[in-house]
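The structure appears below as structure tokens.
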Amino acid sequence: MKTAGIHHITAIVKDPQHNIDFYENVLGLRLVKKTVNFDDPGVYHLYFGDYFGNPGTIMTFFPITQAVKGKAGTGQVDRIVFAVPNGSMPFWKDHLHKNNVEIDIYKEDLLFEDPEGVKLAVSEIDYPTEDRHASILPKQHNILGIKGAVLDSRSPGSTIDVLTKMGYQVQMKNDDVTLLVTESSSVGSFIWVKNESGKPAKSGAGTVHHIAFRTKNEAEQEKWQQYLITLGLRVTPVMDRDYFKSVYFHEFGGILFEIATDPPGFTADEALEELGNRLKLPAWLEPKRPMIEKLLPDITRR
Ligand code: ZN
């Protein structure tokens with residue numbers, strides 16, 4: 001079985017307004033869906049991505065206002081690395097600086113955090129000019145999607161082993177990380193597994209909840225489910241997330257993985273031009289809309 005790479009990554013934060021302000025107005029992603037956590041409808045589920053909401057560009061958040069601050073650590077995604085076009089580093093240095101975001105430099109990449117401490121980076125990739133889109137940021141510098149993620153595993157060897165069985169190939173190892181790459185896609189195709197485990201993570205605001213990998217359709221997802229079970233992993237039944245179908249499992253290094261279908265995508269219930277404008281609910285929660293709208297804090301797109 002081979003995944004085309006990362007589908008989306010989901011993190012926990014506290015404040016939905018800070019979340020929108022940062023991801024839309026500083027990073028220039030588009031809010032492609034405003035919905036609720038299907039398992040806890042009193043909490044928003046905010047999806048950000050490129051203009052089309054393509055798989056591989058999606059960061060999602062559960063802004064839980066009462067959440068306690070978490071602690072990033074082992075058994076989690078450590079950092080999300082966004083891809084930006086080659087040559088745009090000077091722009092990003094200046095842009096983050098102007099928005100009072102503190103940056104660190106690691107090799108050629110810029111490391112920084114979102115307002116709640118979710119660890120991020122921007123890193124350059126080659127990307128065809130004609131395939132780029134502008135947001136509030138010019139298209140020659142705009143984020144193209146998720147380049148990859150850094151994983152902090154309880155058992156780096158086992159995590160690398162599972163990833164290779166999912167279609168990733170080890171490309172290099174340096175003092176800090178082992179880099180794995182998928183052959184297929186240009187965004188979402190990199191995973192760096194830290195060579196050494198750190199301290200155990202404490203789930204909460206400012207930490208990553210899970211990472212999802214792509215599958216083409218429901219038929220292939222069923223094969224994934226069976227295949228992962230043969231590897232000794234405990235995989236959930238298929239869950240309908242309205243914009244994709246999902247199965248979840250903890251890989252042997254303790255990190256929550258998901259396999260998510262590319263279709264139907266975010267235009268399933270909104271026109272492309274309208275994405276993110278209205279609160280969308282799954283059909284079974286629609287009767288409770290008045291109560292849900294009352295529970296959710298007001299948020300504004302600026
Ligand atoms: Zn997910």
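Odds and ends about this structure:
- Look at (1) without any contact (Cβ under 8 Å) to a residue 40 or more places away in the chain; (2) under 19 Å from ALA149 (Cα atoms); (3) surrounded by 19 or more Cβ atoms within 10 Å (Cβ to Cβ); (4) not acidic (Asp, Glu) and you find that HIS250 fails only one, number (3).
- Matching residues, the range 167-194, being part of a loop (DSSP other than H, G, I, E, B) and among the aromatic types (Phe, Trp, Tyr): TYR168
- ASN142 assigned to a loop (DSSP other than H, G, I, E, B) and without any contact (Cβ under 8 Å) to a residue 40 or more places away in the chain: no
- Pair list, Cβ < 8 Å and 6+ apart or interchain, from the range 230-246 residues that are farther than 19 Å from ASP262 by Cβ to residues that are part of a loop (DSSP other than H, G, I, E, B) and away from the ligand (no atom under 12 Å from the Cβ): LEU233/GLU251; LEU233/PHE252
- Answer from ASP114, ASP94 - the residue that is under 17 Å from the mean Cα position of the chain (by Cα) and farther than 19 Å from LEU256 by Cβ: ASP114
- Residue list for the range 79-107, restricted to those being in a helix (DSSP H, G or I) and within 25 Å of ILE191 (Cβ to Cβ): MET89, TRP92, LEU96
- Within the range 253-269, tally of residues that are over 25 Å from LEU151 (Cα atoms) and either in contact with a Gly (Cβ under 8 Å, 6 or more places away or on another chain) or without any contact (Cβ under 8 Å) to a residue 12 or more places away in the chain (or both): 3
- Pairs meeting the criteria (first residue in the range 5-17 and on the phi > 0 side of the Ramachandran plot, second residue buried (at least 20 other Cβ atoms within 10 Å of the Cβ) and outside any strand (DSSP E or B), beta carbons under 9 Å, at least 6 apart or on different chains) are GLY5/PRO55; GLY5/GLY56; GLY5/TYR168; GLY5/THR182; GLY5/VAL187; GLY5/GLY188; GLY5/SER189.
- The residue list ARG154, ARG214 contains one member that is charged (D, E, K, R), open to solvent by 10 Å² or more (accessible area, probe 1.4 Å) and within 16 Å of the ligand (Cβ to nearest atom), which is ARG214.
- When residues of the range 282-302 are limited to those that are acidic (Asp, Glu) and assigned to a helix (DSSP H, G or I), the one most open to solvent (accessible area, probe 1.4 Å): GLU293
- Top-ranked residue of the range 14-60 - restricted to ones that are away from the ligand (no atom under 15 Å from the Cβ) and assigned to a strand (DSSP E or B), ranked as surrounded by the fewest Cβ atoms within 10 Å (Cβ to Cβ): GLY42
- Test: residue in the range 181-188 that is of a type outside the set (Val, Ile, Thr) and over 21 Å from the mean Cα position of the chain (by Cα): no
- Checking each residue in the range 249-271 for being out of contact with any strand residue (DSSP E or B) (no Cβ under 7 Å at 6 or more places or on another chain) and within 16 Å of the ligand (Cβ to nearest atom) picks out PRO263, PRO264, GLY265, ALA268.
- Per-region count, the range 4-13, residues away from the ligand (no atom under 14 Å from the Cβ) and surrounded by fewer than 22 Cβ atoms within 10 Å (Cβ to Cβ): 1
- Exclusive hit being in contact with a helix residue (DSSP H, G or I) (Cβ under 6 Å, 6 or more places away or on another chain) and of a type in the set (Val, Ile, Thr), set ILE103, ILE160: ILE103
- Number of positions in the range 168-211 that are open to solvent by 30 Å² or more (accessible area, probe 1.4 Å) and either under 18 Å from TYR248 (Cα atoms) or polar (S, T, N, Q) (or both): 9
- Residue in the range 79-102 that is within 16 Å of the ligand (Cβ to nearest atom) and either touching a residue at least 12 places away in the same chain (Cβ under 8 Å) or open to solvent by 10 Å² or more (accessible area, probe 1.4 Å) (or both) present: yes
The values are calculated or read from the model by the stated rules, or taken from the named source; none is laboratory data. None of the values given here were measured: they were computed from a predicted structure. No Cβ is skipped: glycine too gets one built from the backbone with ideal geometry, and neighbour counts run over all protein chains shown. Keep in mind that these areas ignore ligands, DNA and RNA; they rest on the heavy atoms of the full protein, side chains included. Shrake-Rupley method; radii C 1.70, N 1.55, O 1.52, S 1.80 Å.
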